[in-house]
Amino acid sequence: MSEPMIAARRVFKRYQRGGETLTVLDGLDLEMEEGRFYALMGPSGSGKTTLLNLIGGLDQADEGELVVAGANLADLGSADLARWRAANVGFVFQGFNLIPVLTALENVELPLTLTPLSKKERRDHARFALKLVGLEGREDHRPQQLSGGQEQRVAIARAIASDPKVLLADEPTGDLDRKSASDVLDLLARLNEEFKKTILMVTHDPFAAARASLVVHLDKGQLGRIERNAAPAAPAARS
Amino acid sequence: MVSFKLVRRYLGKHKVRSILTIGSLVVALFLLCMLRSLVVALDAGVRGAKRDRLVVQSAVSLFVDLPQSYQSKIAAVEGIETICKWQWFGGRHPTEEAFFAQFAVDMSELPKLYPEIAIVEGSFADVAAERRGCVVGRTLAKTFNWQLGQTVPLLGTIFPGPPGDGWQFTIKAIYEPTSSAVDGNTLFFHWDYFEETVESTMGMTPGTGTYFLRTAPDADQVAIAGAVEQLFDNGPQRVTCSTEAEFQAQFVSMVGNVPFFVAAIGGGVLIAIVLACINTMLMAFREQLHDAGILKAVGFTDGSVAGLMLAESLLLCGLGGFGGIALAKLSEPGLRAALGSMFPGYEVTGETLLLASALTLAVGLVAGVVPALRARALRVVEALRSVE
C-alpha cells in the first residue's frame, strides 16, 4: 500500500485565549490518499481551518506528527518550510487573497518567481494556468477589476501554477454567488480528475461537499466520520 | 522581476504619500549637501594652504600693522626665499554693492609667493609696467563684467584716495586660481601706488598688515617661525609667525564654530527625515501586513518578505536622497555665483557626494529595518487574518 499524501498522527493544537487554554485539535489521527478530493466539514470551532493551516505548513502543531507529501513538517525550519510550501502546496482562500497591486498574470506568476524558471517560462506557465481556469484575456486585469468568481479562479490558477501535489482550499465558495461557486467547484473537480491533484477543501456547504469524493467530518478537534460520495455530484448546469 | 515590480507598485499605490516623502528627502539631502559645501568653502583656504608659506602678523592683533622696516630683517632669516607685504585695503566700488577683497602687495613677489595665481589674460609684466595696474580674479571679473584694460574706481574706507578721481586701478591681468588657497574674487594692486598715495593723502607711511613668506623647500618651518618671532621679542612690535593653514584657520574661527552649527542643523534635518521615513515605512508595513501573509503562504521565506520591505524603504529613500544630491550638484554653478563673495570656494565635492549617498542608504536602512524585522517575525495565519 502506498504512503498517504497526508498523515496526521496524534496531532494537538492549543491556543491561549484570555488565560484559558483552548484545545482546537485534540489528538487527531487522519490519513488522506494521493489524488483524492476531500471535503472537510464540521461545526464552527471543530478545527477545520486549523487543520488546513497545519497541513499547509502555515502553522505548527503543538504535539504529534504531520507528514505531508513525504515531509515531516516538524523537521522543517522556517525557510525550509517556506520552500516546501512553494513546491508542494497551493492555497485557495475564501477571501481570494490576491495581491491588489499586481495584475492577474503577475499574481499567478508570483509563486513561480521562487522556482528556477526563466522569465519567459514563468510567463508561459502563468498564462497556461490562467487559460486553464478560463481567464484567457484577463491577464492584465487587477483584482479590483475582476468579479469575485474571477478572482477566485485567479487564486486557483496561482495555486496550481507551480504544479503542487496538494491543493488546500478554505471555504473557496464562501464569498461567491451560486453560479460562481459552481464554476469554482467544477474547476476543483477537474483539477482532481484530470491532473490528479490531491484536494482538501474546508466547507460548510453540503452542495460543495457533494462535489468531493470523500467527506471528512471533524468534531471537537477529533476525527468524526468519513463519508464516501459514491458518485460526486455532476457539475451544475450553466445558466 | 515580480518582486521589484511589487516594490514599485507599493510605492505607487499611495502616490501622494510617496511623493511627499520623496520630496522631503530631496529637500533634506539638498540642504545637507549645501551646508557641508559651505563648510568646505570656509575651510578651502586652510585645505589649500602650502606648508612652505608662513605668515607674520602682529602678536597683538591682525588689525595692528607692522612697520615696513621689518621686511629686510625678516628677509635675512636663513631659509626664507620670498617675502611679500600684504595690506588689506577695504575699498568699496562706488556703484556695485557686492563686496570683494583688495590687497596692496609687492607685485613682483606675488607670483613667486603664489604660483597658484595663473594668469589667463594679460600678464604680470603688464601689471608691473603700469603704476595703477592691478590683477583681478576671473570670478570677480565675470561678476562685474570687467574687461582687460578697464579702469576700476574704488572708494577707500580705511585709506582715503587721492583728491579728484580717488583710487583708480587699471586691470592689466586676470587670473584663475589653480588651488583653493587662492580666492578668485580678489583684486591685487601695487604696494608702491598704495604707499605713495597714503603718504600724500594721510601724511604717513603705511604699515603692513602681514608679511607673507615662502621658505626653501627643505627648510625647517618651525625653526624659521621661531627665528622670525625672536627677532622682535624686544619690540617695538612683537610678531607671531604661523603657517598659512593656521593663519587661514583664524578666519574660519572668527565667524564662530560654523562647522558645529552646520553639523547641528544638518543633524536636526537628518533626524527629522529619518523619523518621517520610519513613520512612512511603518504605515506601509501596516497596509501590507495581509499581503506579507499571502507572500509567505505561497512560499516566500521570512527573509525574502523582510527583504522586500527593506527594498521598498531603500527605493523610497534612494529616489528622494539621490534626487536631493543631484539637485545639489546641478545647482552648484548657480549657488557658486550667488554666494561667491561670501563663500568663494563653494563646491559640492566628491567627498560630500559620497557622504550624502552613504547617508541616503543609511536612512533607507534605518527606516526599513523595523518594518522588515516585523515582516520577518510575522506569523502567516495572523497576517492572513488581518484586514488592510
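The values are calculated or read from the model by the stated rules, or taken from the named source; none is laboratory data. Model, not experiment: these values are computed from the prediction. Quick reminder, even Gly has a Cβ in these numbers, built from the backbone with ideal geometry, and neighbours come from all protein chains shown. Ligands, DNA and RNA are excluded from the accessible area calculation, which covers all protein heavy atoms including side chains. Shrake-Rupley method; radii C 1.70, N 1.55, O 1.52, S 1.80 Å.
Could you calculate the contour length gain from A:Asp219 to A:Asp163, that is, 0.36 nm times the residue separation minus the distance between their Cα atoms, to one decimal place in nm?
That pair, A:Asp219 and A:Asp163, stretches by 17.0 nm at full extension.
Considering amide H positions built from the backbone, and no H for Pro or chain starts, which residues 5 or more places from B:Ala173, or on another chain, come under 5 Å of its amide H?
B:Cys134, B:Val136
Is the shape of the range B:65-236 rounded, prolate or oblate, going by the alpha carbon gyration tensor and its root eigenvalues a ≥ b ≥ c, with a/c under 1.5 for rounded and a/b larger than b/c for prolate?
Oblate, because a/c is 1.5 or more while a/b does not exceed b/c.
Provide the gained length on full extension for the span B:Glu347 to B:Leu327, in nm with one decimal, where the gain is 0.36 nm per separating residue minus the Cα-Cα distance.
5.9 nm
Would you mind working out the accessible area per residue for chain B, using a 1.4 Å probe, and quoting it in Å²?
Ligands and nucleic acids excluded, the figure is 45 Å² per residue.
Within a Cβ distance under 13 Å of A:Ala61, other residues only, what is the Lys/Arg minus Asp/Glu net charge?
It works out to a net charge of -3.
Work out from phi, with θ = phi - 60° and the Karplus expression 6.51 cos²θ - 1.76 cosθ + 1.60, the ³J(HN,Hα) of each residue of the range B:365-377, listed in order in whole Hz, and give x for Gly and Pro.
With coefficients 6.51, -1.76 and 1.60, one gets 5, 5, 5, x, 5, 5, x, 5, 5, 5, 5, 5, 7 Hz.
Multiply the residue separation of B:Leu373 and B:Lys112 by 0.36 nm, subtract the distance between their alpha-carbon atoms, and state the gained length in nm to one decimal.
Contour length minus Cα-Cα distance gives 87.6 nm.
Would you work out the charge dipole size for the protein assembly as shown about its Cα centre, treating the Cβ of every Lys and Arg as +1 and the Cβ of every Asp and Glu as -1, and quote it to the nearest 20 debye?
2500 debye
List, by residue number, every residue in the range B:299-318 with a reduction of 10 Å² or greater in accessible area between the chain on its own and the complete protein assembly, 1.4 Å probe.
B:Gly299, B:Phe300, B:Thr301, B:Asp302
Each residue of the range A:155-169 in turn: what ³J(HN,Hα) in whole Hz from Karplus with 6.51, -1.76, 1.60 and θ = phi - 60°, glycine and Pro shown as x?
Once θ is set to phi - 60°, the couplings for the range A:155-169 become 4, 5, 4, 5, 5, 9, 4, 8, 6, x, 7, 10, 10, 10, 10 Hz.
Label-point separation (nm) for B:Ala59 and B:Ala98, each offset 7 Å from Cα along Cα-to-Cβ?
Taking the simple label geometry, B:Ala59 and B:Ala98 are separated by 4.2 nm.
Tell me, what is the FRET efficiency for A:Ala74 and B:Arg286 to the nearest 0.05, using R0 = 41 angstrom and their Cβ-Cβ distance as r?
0.80
Using only protein heavy atoms and a 1.4 Å probe, how much accessible area in total is buried between B and A, to the nearest 100 Å²?
By this definition, chains B and A bury close to 2200 Å².
How much of the accessible area of chain A, in percent, comes from carbon and sulfur atoms when a 1.4 Å probe is used?
About 48 percent, which is the carbon plus sulfur part of the accessible surface.
In nanometres, what is the gap between the two model label sites at B:Ile265 and A:Asp62, each 7 Å from Cα along Cα-to-Cβ?
Placing both labels 7 Å beyond Cα along the Cβ direction yields 6.2 nm.
Quantify, in whole percent, the carbon and sulfur part of the accessible surface of the range B:58-131 (1.4 Å probe; protein heavy atoms only).
The C+S portion of the solvent-accessible surface of the range B:58-131 is 54 percent.
Give the long-range amide H neighbours of B:Trp167: residues separated by 5 or more places, or on another chain, with amide H under 5 Å away, using H modelled in the peptide plane at 1.01 Å from N.
Amide H neighbours of B:Trp167: B:Leu154, B:Gly156, B:Gly161.
Just add up the charged neighbours of B:Gly137: K/R +1, D/E -1, any other residue whose Cβ is under 11 Å from the Cβ of B:Gly137.
0
Does anyone have the angle between helix B:191-202 and the longest principal axis of chain B? Alpha-carbon axes, 0 to 90°, nearest 10?
70 degrees
Enumerate the calculated ³J(HN,Hα) couplings along the range A:188-193 in order (Karplus 6.51 cos²θ - 1.76 cosθ + 1.60, θ = phi - 60°), each rounded to whole Hz, writing x wherever the residue is Gly or Pro.
In residue order, the calculated couplings are 4, 4, 5, 5, 6, 6 Hz.
Along the charge dipole of the protein assembly as shown, pointing to its positive end and built from +1/-1 on Cβ of Lys, Arg, Asp and Glu, which listed residue (B:Gly324, B:Val120, B:Ser179) has its Cα farthest out?
Most positive-ward Cα: B:Gly324.
Assuming a ≥ b ≥ c are the square roots of the Cα gyration tensor eigenvalues, decide whether the protein assembly as shown counts as rounded (a/c under 1.5), prolate (otherwise, with a/b larger than b/c) or oblate.
It is prolate, given that a/c is not under 1.5 and a/b is the larger ratio.
Please determine, in degrees from 0 to 90 and to the nearest 10, the orientation of helix B:302-330 with respect to the longest principal axis defined by the Cα atoms of chain B, where the helix direction is its Cα long axis.
The angle comes out at about 30 degrees.
Please check the range A:98-130 for residues whose accessible area, probe 1.4 Å, is lower by 30 Å² or more when all protein chains are in place than in their chain alone.
Residues of the range A:98-130 that lose at least 30 Å² of accessible area once the other chains are added: A:Ile99, A:Pro100, A:Val101, A:Leu102, A:Glu106, A:Leu110, A:Thr113, A:Leu114.
Would you mind working out the magnitude of the charge dipole of the range B:65-236 relative to its Cα centre, with +1 at each Lys and Arg C-beta and -1 at each Asp and Glu C-beta, to the nearest 20 Debye?
Taking the Cα centre of the range B:65-236 as origin, the dipole is about 380 debye.
Ignoring everything except DSSP H segments at least 4 long, calculate the 222 nm mean residue ellipticity for chain B; use -39,500 (n - 2.57) per segment, divide by total residues, nearest 500.
Taken over chain B, the calculation gives -18000 deg cm²/dmol.
Is the shape of the range B:230-380 best called rounded, prolate or oblate, per the rule: a/c under 1.5 gives rounded, else a/b larger than b/c gives prolate, else oblate, with a ≥ b ≥ c the square roots of the Cα gyration tensor eigenvalues?
Taking the square roots of the gyration eigenvalues as a ≥ b ≥ c, the range B:230-380 is prolate.
Top mean-square fluctuation among A:Arg178, A:Arg158, A:Arg122, Gaussian network model of chain A, C-alpha springs under 10 Å?
Highest fluctuation of the listed residues: A:Arg178.
Per residue of B:175-182, count partner chain C-beta atoms within 10 Å of its C-beta, then hand back the mean as an integer.
That works out to 0 on average.
On a 24 Å Cα-Cα criterion, which of the cross-link pairs A:Lys165/B:Lys296; A:Lys48/A:Lys165; B:Lys172/B:Lys329; A:Lys48/B:Lys5 come out too long?
Where the Cα-Cα span goes over 24 Å, the pairs concerned are B:Lys172/B:Lys329; A:Lys48/B:Lys5.
Using a 1.4 Å probe on protein heavy atoms, which residues of the range A:53-81 have at least 30 Å² less accessible area in the complex than alone?
Listed by number, the residues meeting the 30 Å² cut-off are A:Leu58, A:Asp59, A:Ser78.
Only helical DSSP H runs with n ≥ 4 go in: add -39500 (n - 2.57) per run for chain A, normalise by residue count and round the 222 nm mean residue ellipticity to 500 deg cm²/dmol.
Helices in chain A give a 222 nm mean residue ellipticity of -9500 deg cm²/dmol.
Can you give the % of DSSP beta bridges in the range B:65-236 that are antiparallel, to the nearest 5?
Here the antiparallel bridges make up roughly 70 percent for the range B:65-236.
If amide hydrogens are placed 1.01 Å from N in the peptide plane, which non-local residues have theirs closer than 5 Å to the one on B:Gln102?
Distant-sequence amide H within range of B:Gln102: B:Phe89, B:Gly90, B:Gly91, B:Leu187.
Roughly to the nearest percent, how much of the accessible area of the range B:212-282 is carbon and sulfur, given a 1.4 Å probe?
That fraction is 64 percent.
What is the helix-to-structure angle for B:15-42, meaning the angle in degrees between its Cα long axis and the longest Cα principal axis of chain B, kept from 0 to 90 and rounded to the nearest 10?
With rounding to tens, the tilt is 20 degrees.
Label points 7 Å out from Cα along the Cβ direction at B:Leu361 and B:Asp233: separation in nm?
5.6 nm
Provide the net charge surrounding B:Ile117, with neighbours chosen by a C-beta distance below 12 Å and charges set as Lys +1, Arg +1, Asp -1, Glu -1.
-2
Just the number please: accessible area per residue for chain A, 1.4 Å probe, all protein chains included, in Å².
Averaged over the residues of chain A, the accessible area is 44 Å².
Return the FRET efficiency for the residue pair B:Ser123, B:Lys13: r is the Cβ-Cβ distance, R0 is 56 Å, and the value is rounded to the nearest 0.05.
Efficiency at R0 = 56 Å is approximately 0.25.
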